[in-house]
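Reviewing the structure listed below.
The values are calculated or read from the model by the stated rules, or taken from the named source; none is laboratory data. Please read these numbers as outputs of a predicted model, since none were measured by experiment. Backbone-built Cβ (ideal geometry, glycine too); neighbour counts: all protein chains shown. Ligands, DNA and RNA are stripped out before the accessible areas are found, and what is left, the full protein with its side chains, is counted by its heavy atoms. Shrake-Rupley method; radii C 1.70, N 1.55, O 1.52, S 1.80 Å.
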Amino acid sequence: AQTVTQSQPEMSVQEAETVTLSCTYDTSESDYYLFWYKQPPSRQMILVIRQEAYKQQNATENRFSVNFQKAAKSFSLKISDSQLGDAAMYFCAYRSSNTGNQFYFGTGTSLTVIP
Amino acid sequence: KAGVTQTPRYLIKTRGQQVTLSCSPISGHRSVSWYQQTPGQGLQFLFEYFSETQRNKGNFPGRFSGRQFSNSRSEMNVSTLELGDSALYLCASSPSGQTTDTQYFGPGTRLTVL
């Protein structure tokens, strides 16, 4: 089974600064999808950004961008101009193109934004 | 469109009882997946339903079961509850369950087993 590793249980960032959350994964597949989800204290998971493995270009969504290194099996999330509302648990997730809709999640990184 | 809804939001049960959780997907979505979230194990996939058929199943005991109705609403049942079943249960819906889809999560049901 695929595994997803988030090695930073907790991170903090000053408001308006930039922070990078790390994620690595293990797979033998060549075609897959990667996601970052955000789970605020209210517990509703929200999609932040997604990346298709076949795309070399890194995905970007406003202040959120990823650094996708396929050979290194690394998928980090960069949050620019951090805001108080960015404080949440962030989960990295992997989905194979072969196993339907099953997501494999990392253990999460709790992000604190310091005013 | 309304988001994914889950009922009830909170449940307290005792060991040995059974429980049924409900999930209503976003209108038009036909795929519903269920996840168990615990502090120790993180998010773990339970199963996925599409067009009333279980299409994918995670590594959970047979006490965990589910079903999907013709209107795509899904229920998850846990029989003979154990203390370790205490968790946040999340459901997620997507249009067709294809790998190109994005999953949209509900707020979860917090189950406490005493």
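For the range B:5-14, what does the Karplus curve 6.51 cos²θ - 1.76 cosθ + 1.60, with θ = phi - 60°, yield as ³J(HN,Hα) per residue in whole Hz, taken in order and with x for Gly and Pro?
Couplings: 10, 10, 9, x, 7, 9, 9, 10, 10, 10 Hz.
Dividing the convex hull volume of the Cα atoms of the range A:38-78 by its residue count, what figure in Å³ per residue is obtained?
With only Cα atoms used, the range A:38-78 gives 80 Å³ per residue.
Which loop trypsin sites (Lys or Arg not before Pro) in the range B:1-53, with loop taken from DSSP, have no more than 10 other Cβ atoms within 10 angstrom of their Cβ?
B:Lys1
If I take R0 = 35 Å and measure r between the Cβ atoms of A:Asp31 and A:Thr112 in this structure, what FRET efficiency does the formula 1/(1 + (r/R0)^6) give, to the nearest 0.05?
Details: r = 36 Å, r/R0 = 1.02.
That pair, A:Asp31 with A:Thr112, gives E of 0.45.
Taking R0 as 30 Å, what FRET efficiency do you get between B:Thr38 and A:Gln56 from their Cβ-Cβ distance, rounded to the nearest 0.05?
Once the sixth-power term is evaluated, E becomes 0.25.
How compact and how long is chain B, expressed as Rg and Dmax of its alpha-carbon atoms in Å?
So, for chain B, Rg and Dmax equal 13.2, 40 Å respectively.
In sequence order, what are the phi-derived ³J(HN,Hα) couplings for the range A:72-88 according to the Karplus relation 6.51 cos²θ - 1.76 cosθ + 1.60 with θ = phi - 60°, rounded to whole Hz, with x for glycine and proline?
Once rounded to whole Hz, the list reads 7, 6, 10, 8, 9, 10, 10, 10, 9, 6, 4, 10, 4, x, 7, 5, 4.
On the full set of protein chains, 1.4 Å probe, figure out the accessible area of A:Val48 and give it in Å² to the nearest 10.
The value for A:Val48 is about 20 Å².
Enter the Cα centre distance for the pair the range B:50-94 and the range A:74-115, rounded to the nearest angstrom.
24
Could you pull out the chymotrypsin sites (Phe, Trp or Tyr not before Pro) across the range A:1-86 that fall in loop regions by DSSP (anything but H, G, I, E, B) with no more than 12 other Cβ atoms inside 10 Å?
Hits after loop and neighbour filter: A:Tyr54.
Putting +1 on Lys and Arg Cβ atoms and -1 on Asp and Glu Cβ atoms, find which of A:Val4, A:Tyr37, A:Thr18 reaches farthest to the positive end of the dipole of the range A:1-49.
Result: A:Tyr37.
Short version: which residues of the range A:9-49 lose at least 30 Å² of accessible area, all chains versus chain alone, 1.4 Å probe?
The answer is A:Tyr33, A:Tyr37, A:Arg43, A:Gln44, A:Met45 - residues whose exposure falls by at least 30 Å² when every protein chain is included.
So which GluC sites (Glu not before Pro) in the range A:1-58 end up in coil per DSSP with only 15 or fewer other C-beta atoms within 10 Å?
Values: sites: A:Glu10, A:Glu15, A:Glu17, A:Glu29, A:Glu52; in loops: A:Glu15, A:Glu17, A:Glu29.
Listed in order of number, the matching sites are A:Glu15, A:Glu17, A:Glu29.
As an exercise, use a Förster radius of 30 Å and the Cβ-Cβ distance of A:Ala72 and A:Ala16 to find the FRET efficiency, rounded to the nearest 0.05.
0.50
If the label point is 7 Å along Cα→Cβ of B:Arg30, which residues in the range B:71-114 have backbone nitrogen under 16 Å from it?
B:71-74, B:93-102
Taking every residue in A:55-67, how many Cβ atoms of other protein chains lie within 10 Å of its Cβ, on average?
Mean partner-chain Cβ count within 10 Å for A:55-67: 0.
With a 1.4 Å probe and every protein chain kept in, tell me what percent of the accessible surface of the range A:1-73 is carbon plus sulfur. Mind dumping the intermediate values first?
Working: 1790 of 4090 Å².
Result for the range A:1-73: 44 percent of the exposed heavy-atom area is carbon or sulfur.
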